[in-house]
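What follows is a short report on a single structure.
The values are calculated or read from the model by the stated rules, or taken from the named source; none is laboratory data. Predicted model, so just to flag it, every value in this text is computed and none were measured. Virtual Cβ from ideal backbone geometry, glycine too; neighbours counted across all protein chains shown.
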Amino acid sequence: MHDSVKNLIHIKEEIKSNNNSYNPTIIAVSKTFKIDHILPLIEHGHFQFGENKVQEALDKWSGIKSKNEKIQLHMLGKLQSNKVKHALKIFDYIHSLDNTKLANKISTEQKKISKKPKLFIQINIGNEPQKSGIKINEFGQFYDYCKKLELEIIGTMCLPPEEKDPSIFFSKMKELNDRFEIPELSMGMSNDYLAAINHMSTYLRIGSKIFGKRN
């Protein structure tokens, strides 16, 4: 059994022993990894993968996705509005919707191809100037704007500050989703997914804990 498959099984067991009541979706973050690292997971029956760059995703996944319609691809990195047209060709989910220009562009492009990606609004939960995302107090206005554009907003996403306890920020995210009755929460990565499941994250973005260290 390939190491990545063993690692995935271990993570699932860990989550189950920590919280048996629900089953979050694990996105295997495959950015920078070659396809030979990824195929064992697909053969094992794992179909949710995350990438950060549009061109890398197109190069790596176009052939495989056309042969296997179960594969779902998640755009996790910052998406420039000039790449939206290409992103919609390959991605099923976008986790990084963070401004009106991008919202407008997705709205325009999804109409052209009659395909709606499932979207997460990225929240700058720690108010960090170097990070993208909507401020929590501006969320309601932005969410309404996206709904008027007929975007399929299914959830919110965050990257908590690195030096602080992530649970504080995961708790705020859960409160936000509950307040707006938004079902999905994309939070929790290799270093903090156990904290994220304590706040009912529904999508975990796990890379190095599955694939090993990146070069």
Problem - Of all residues making up the stretch 1-20, the number that are of a type in the set (A, V, I, L, M, F, W, C), surrounded by fewer than 16 Cβ atoms within 10 Å (Cβ to Cβ) and at pLDDT 95 or above - result: 1
Practice task
With respect to Pro117, determine if the residue is over 24 Å from Phe47 (Cα atoms), surrounded by 13 or more Cβ atoms within 10 Å (Cβ to Cβ), touching an Asp or Glu at 6+ places or on another chain (Cβ under 7 Å) and not hydroxyl-bearing (Ser, Thr, Tyr).
Solution key: no
Handout entry: Selection count, the stretch 68-115, where residues are assigned to a helix (DSSP H, G or I) and closer than 23 Å to Met157 by Cα
Key = 21
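Within the stretch 149-215, considering only helices (runs of 4 or more DSSP H) that don't extend past its boundaries, which have at least 2 residues that are among the small types (Gly, Ala, Ser) and within 18 Å of the chain's Cα centre (by Cα)?
By residue number, 193-197.
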Handout entry: Residue that is surrounded by the most Cβ atoms within 10 Å (Cβ to Cβ) [pool: residues in the stretch 173-197 that are out of contact with any helix residue (DSSP H, G or I) (no Cβ under 7 Å at 6 or more places or on another chain) and farther than 21 Å from Glu152 by Cα]
Key = Tyr193
Exercise for the section: Please work out if Asn68 is touching a Phe, Trp or Tyr at 6+ places or on another chain (Cβ under 8 Å) and either modelled with pLDDT under 95 or more than 28 Å from Asn177 (Cα to Cα) (or both). Expected result: yes
Exercise for the section: Considering every residue within the stretch 56-67, establish whether at least one is part of a strand (DSSP E or B) and either surrounded by 16 or more Cβ atoms within 10 Å (Cβ to Cβ) or in contact with a Lys or Arg (Cβ under 7 Å, 6 or more places away or on another chain) (or both). Expected result: no
